[in-house]
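Following: one structure in structure tokens, then a few remarks.
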Amino acid sequence: MQEAARTAPQQRTVFGGTVRQGRPVVTLTIIGICAVSWVLQLVTGGAWTQRWVFAPFLGESEPWRFLTAAFLHSTSPLHILFNMYALWLVGPFLEQALGRVRFASLYLLAAVGGQVGVLLLASPEPGGGWTQGVVGASGAVFGLFGAIFLLMRRLGRNATQILVLVAINMAIPFFVGGIAWQAHVGGLIVGMAVGAAYAYAPRSMRQTFVWLVPVVTMAILIGLSMWKYSTVGPVLGLLG
């Protein structure tokens, strides 16, 4: 029976993901990491936040902050609760549709894309945002919104509600201070790009796209970051 289970053909979703029963492991793991990280932010008096927070002027010398900041949140419970609720709304569907590996890569790439958005769109001039710390999974969540919109369109489903949700959340930073709208834009663009690649990949290329899409996307994000830093070298010296 074990041998038969190993050799039996795996069931695939429309997008090539492996059909799995049970809980959305990747989604729950991300929520768990964010929850533990938030508790550490509280109990360490902010030391955990300072260790992993992203700010554009820190990203060149400590590039891991492009990712780690997506697992941090403000001390207000509303911030993490809103992001984790949004993740729970769309994460399980995307994880089932794309498969665990592609879903994880989508989330992580959108998270990095959010910080790259801040890097590119915030001004390096004094008071322009380059010294302001950025935390939160919002960029990654917006990436999931962008991806699920394209997947639903690919399936022929009505995606109007997703558009309305994105529009409302894009507008909030212009009425509520302290929100990095640049991260939302960066995460959304990356999420839509990666989602489009996975949704419309030719059947014969789906397995190749599992590693090709993350590699190409990451190369583009790194290239854009290096270009931006090269254009503001003197400003970084002043900030340092």
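Descriptive notes on the structure:
- Projecting the Cα atoms of PRO214, PHE54, TRP38 onto the charge dipole of the chain, computed from C-beta unit charges around the Cα centre, puts PRO214 farthest toward the positive end.
- Across the chain, Cα-Cα pairs farther apart than 29 Å form 30% of the total.
- Sorting the segments 195-208, 60-73 by their residues' average number of neighbouring beta-carbon atoms within 10 angstrom, most packed first, yields 60-73, 195-208.
- Working ranking of peptides 180-191, 91-102, 109-120 by packing, defined as the average number of other Cβ atoms within 10 Å per residue, highest first, is 109-120, 180-191, 91-102.
- Counting only Cβ charges, +1 for Lys and Arg and -1 for Asp and Glu, the dipole size of the chain around its Cα centre is about 840 debye.
- Estimated purely from DSSP H runs of n ≥ 4, each contributing -39500 (n - 2.57), the mean residue ellipticity at 222 nm for the chain is -22000 deg cm²/dmol once divided by its residues.
- Over the range 175-223: Kirkwood hydrodynamic radius from C-alpha pairwise inverse distances, Å: 12.3
- Rounded to the nearest 10 Å², the accessible area of PHE82 at probe 1.4 Å: 110
- Loop-located trypsin sites (Lys or Arg not before Pro) in the range 116-180, at most 16 other Cβ atoms within 10 Å (DSSP): ARG157
- Residue with peak Gaussian network fluctuation, the chain [Cα springs, cutoff 10 Å], from THR131, THR75, THR44: THR44
- Size-normalised alpha-carbon gyration radius of the range 87-209, reference 2.2 N^0.38 Å: 1.10
The values are calculated or read from the model by the stated rules, or taken from the named source; none is laboratory data. Quick caveat: nothing in here was measured; it's all calculated off a predicted structure. We place every Cβ from the backbone using ideal geometry, glycine too, and count neighbours over all the protein chains shown. Each accessible area value is taken on the protein alone, full model and side chains, heavy atoms only, with ligands, DNA and RNA left out. Shrake-Rupley method; radii C 1.70, N 1.55, O 1.52, S 1.80 Å.
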